[in-house]
Amino acid sequence: MDVTMLEEVPKEQRTRAAGASPARSFTTKQMGDACEMLIAAELTLAGIPALKVPDNWPHYDVIAQPPDGPAQRISVKSRTFSRGPAYVGYQEPDQFDWLAIVVLAPESSSVRTVYLVPREEAGRVARRDKPTSRTANERYFRIDQLEGLFARYRDNFALRPAGVAPGSASAGDAGLETCRLRLHSRRSKAGAMHRSERA
């Protein structure tokens with residue numbers, strides 16, 4: 001997760017009770033299900049219809065159908081942001097086309113960062129243990145290093161293999177800017193009508 005994103009959370013939400021960790025009103029399973037549905041919804045709204053597959057489906061969690069290509073299998077992983085040796089990962093034998101990582105802020109599930117990374121890129125930069133170790137099939141990333149590894153895949157809901165170019169607005173940013181412009185235009189028109197009525 002981008003550190004600046006965490007800093008934008010109001011201080012009162014970050015601190016809560018001194019030393020107390022915030023209570024979550026959902027279980028780990030509910031969090032995982034919600035993040036899978038979130039990925040399916042964001043993809044659909046970006047023009048790639050998607051749906052969450054049934055629980056315990058092997059290898060992946062969401063199936064998406066781009067309009068100009070084959071169906072894409074997406075493995076979704078969700079974690080709460082943490083600094084230090086906290087990891088997110090997958091198993092090498094798992095069969096999927098994209099790795100979606102949803103990172104929630106510790107203080108608020110509404111503050112989150114989403115990365116949609118091609119399987120090949122995830123495998124290229126993943127940490128791995130020795131081939132002789134019991135965990136040889138694990139591929140993993142430190143949560144506090146995800147932004148450095150996958151910044152260009154943040155909010156990559158259009159499933160661009162090269163990700164979003166640095167400095168360019170993501171589809172979500174463009175959508176928000178469009179909404180802001182429309183709202184500003186409506187307010188301007190309403191203000192002009194109000195002034196003409198008073199004149």
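Throughout, read-outs are computed from the coordinates displayed, never taken from laboratory work. This one's a predicted model, so the numbers in the text were calculated from it and none came from an experiment. Positions of Cβ are generated from backbone atoms using ideal geometry, with glycine treated the same way; all protein chains shown enter the neighbour counts.
Along the range 99-113 the Karplus relation, 6.51 cos²θ - 1.76 cosθ + 1.60 evaluated at θ = phi - 60°, assigns HN-Hα couplings of 9, 9, 10, 10, 10, 8, 5, x, 8, 7, 6, 7, 9, 8, 10 Hz to successive residues, with x for each Gly and Pro. Across the range 66-173, Cα pairs under 8 Å and at least six residues apart give a relative contact order of 25 percent.
Note on LYS29 and SER82: the extension gain reaches 17.2 nm, defined as 0.36 nm multiplied by sequence separation minus the Cα-Cα distance. Taking every alpha carbon pair in the range 71-161, what does the distance histogram look like in 5 angstrom bins from 0, in percent? Per 5 Å bin, starting at 0, the Cα pair percentages come out as 3, 14, 25, 25, 18, 10, 4, 1, 0.
Extending 7 Å from the Cα toward the beta-carbon at both ALA162 and MET37 defines two label points whose distance is 3.7 nm.
Judged by the mean number of other Cβ atoms found within 10 Å, the most tightly packed of the peptides 80-87, 35-42 leads the ranking 35-42, 80-87.
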